[in-house]
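The structure is given below, and queries will be raised subsequently.
The values are calculated or read from the model by the stated rules, or taken from the named source; none is laboratory data. No experiment lies behind these values; they were computed from the predicted model shown. Cβ sites come from the backbone with ideal geometry, for glycine too, and all protein chains shown count toward neighbours. Surface areas here come from the heavy atoms of the whole protein model, side chains and all, with no ligands, DNA or RNA. Shrake-Rupley method; radii C 1.70, N 1.55, O 1.52, S 1.80 Å.
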Amino acid sequence: LRTDFAARIDQAADLRALDDVRVAALGKKGEISLLMRGLGRMSPEEKTVMGPALNGLKTDVAALIEARKAALEDAALDAALASETLDMSLPVGRPQGTLHPVQQVMEEMAVIFSDMGFSVAEGPDIEDDFHNFTALNFPPSHPARDMHDTFFMVPEPSQNSSGSDAAVGQKVLRTHTSPVQIRTMMNQKPPIRIIAPGRTYRCDSDQTHTPMFHQVEGLVIGEDIHMGHLKGCLMDFVSAFFETDVDVRFRPHHFPFTEPSAEMDVRYERDGASIKIGQGNDWMEILGCGMVHPHVLSACGLDPDQYQGFAFGMGVDRLAMLKYGMPDLRDMFAGDPRWLGHYGFSP
Ligand code: PHE
């Protein structure tokens, strides 16, 4: 019986066949189990011989089955390793960063404006009073120069702190991207068609204001440029940006460096935590604009009788909020990857 089972175990080609042999030998109705049950009917003399013999047989067969099982499992693993091409040395997938919504929106804007023939200009974040205020026709006592709005840099010790030259040279964190208008007009001959995306700073913080924020400035200078060009350009921009027809309104406003000046609002609606563009009864201001003031043209050496132009400055963070339905501006700069993921900006 032992050699018979040993042969059958050896011949079992796979784990299933092996289990059939195990059932036939050691299962409830298996041959060895039946023989052991028969011990009860034997005489004491027979039992002392057959008992140990059957127990030994049972242990041996069980051991043979275990050994064969291990061999079959090894073979199965070898076969799997040979046929499957899983490279365990490849690096584990790592989360990949994505563009911040503000960066993404600035790039979207640059694409739309470049289709309209604009190129991109840049200026420094640390500006001087001349480019940030004086050349932009801010009167000396204008409230925007006030400590509450502007971050003033501590003057360097070598800097002469008296006289009007010192005031004009006072360094500030730019409060808007409009100084790039001045830098462009002083360095470039018309026709001019630029946008200037970048960071801007104001000493202000609440639900709709952060001390650092982003603007995209626009400037067009040429001959016979008028308010119609300004409106057409900005209306084309918002429909391209929101990829739908957007209701806009221009409200008269005041900026020292444009005349006339306006602010442009877009129609929107708050729907729970999200924001919908183009419907509803609320208006959100997204930009300031106007015709470049003759004083500004003169300050940059351009003859206001020959050249006119328009300019605009838009809040990038607000536009990102509107486009992606984000309710609170401050979340933009909290650096929480879960927040980015919620708006589809994470892998
Ligand atoms: N610089 C203005 C602001 O920050 C916006 C603006 C730019 C208005 C250009 C008119 C023309 O509010």
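If packing is taken as the average number of other Cβ atoms within 10 Å across a peptide's residues, how do 11-24, 206-219 rank, most packed first?
In decreasing order of mean packing, 11-24, 206-219 become 206-219, 11-24.
Find the lysine pairs in the chain meeting two conditions, Cα atoms under 23 Å apart and a separation of 8 or more places or different chains, and report how many there are.
Going through the chain pair by pair, I get 11.
OK, next. Given Cβ point charges of +1 (Lys, Arg) and -1 (Asp, Glu) and nothing else, what value in debye, to the nearest 20, does the dipole of the chain about its Cα centre take?
1600 debye
Could I ask something else about it? So what is the accessible area of the range 73-145 per residue, in Å², with the probe set to 1.4 Å?
For the range 73-145, the per-residue accessible area is 66 Å².
For S239 and E122, calculate 0.36 nm times their separation in residues minus their Cα-Cα distance, and state this gained length in nm to one decimal.
Length difference between fully extended and current span is 39.6 nm.
Once fully extended, how much extra length lies between L34 and M88, figured as 0.36 nm per residue of separation less the alpha-carbon to alpha-carbon distance?
Taking L34 through M88 to full extension adds about 14.5 nm, to one decimal.
Where in the chain are the helices, taken as whole DSSP H runs, whose Cα atoms extend 30 angstrom or more along the long axis and whose Kyte-Doolittle mean reaches at least -1.0?
44-83
Taking θ = phi - 60°, what integer Hz values does the Karplus form 6.51 cos²θ - 1.76 cosθ + 1.60 yield along the range 255-262, in sequence order, with x for Gly and Pro?
10, x, 9, 9, 7, x, 10, 8
So what's the convex hull volume per residue for the Cα atoms of the chain, in Å³?
With only Cα atoms used, the chain gives 292 Å³ per residue.
In nm, to one decimal, how far is the modelled label at N281 from the one at D115, with both set 7 Å along Cα→Cβ?
3.4 nm
Let me ask something else. Within the range 244-304, list the trypsin sites (Lys or Arg not before Pro) lying in a DSSP loop whose Cβ has at most 10 other Cβ atoms in a 10 Å radius.
Within the range 244-304, no trypsin sites (Lys or Arg not before Pro) qualify (loop, at most 10 other Cβ atoms within 10 Å).
Full-extension gain between W339 and A24, please, as 0.36 nm times their residue separation minus the C-alpha to C-alpha distance.
Separation in residues times 0.36 nm, less the Cα-Cα distance, equals 107.1 nm.
Let me ask something else. Please identify the GluC sites (Glu not before Pro) of the range 52-143 that satisfy two criteria: DSSP loop assignment and at most 11 other Cβ atoms within 10 Å. Which are they?
E84
State in Å² the accessible area per residue of the range 204-347; use a 1.4 Å probe, count heavy atoms of protein chains only, and round to the nearest integer.
46 Å²
Carbon and sulfur: what percent of the chain's accessible surface (1.4 Å probe)?
54 percent
Also: What is the dipole size for the range 214-347, taken about its Cα centre, with +1 at each Lys and Arg Cβ and -1 at each Asp and Glu Cβ, in debye to the nearest 20?
Approximately 420 debye in magnitude.
May I pose another question? Could you tell me the distance between the Cα centroids of the range 49-74 and the range 315-329, to the nearest Å?
74 Å
Moving on to the next point. Given the -39500 (n - 2.57) contribution per DSSP H run of 4+ residues, what per-residue ellipticity at 222 nm results for the chain, rounded to the nearest 500 deg cm²/dmol?
My calculation for the chain gives -12500 deg cm²/dmol from helical runs alone.
Here's a follow-up. Can you give the local net charge around G344? Use residues other than it whose beta-carbon is closer than 14 angstrom to its beta-carbon, Lys and Arg +1, Asp and Glu -1.
+2
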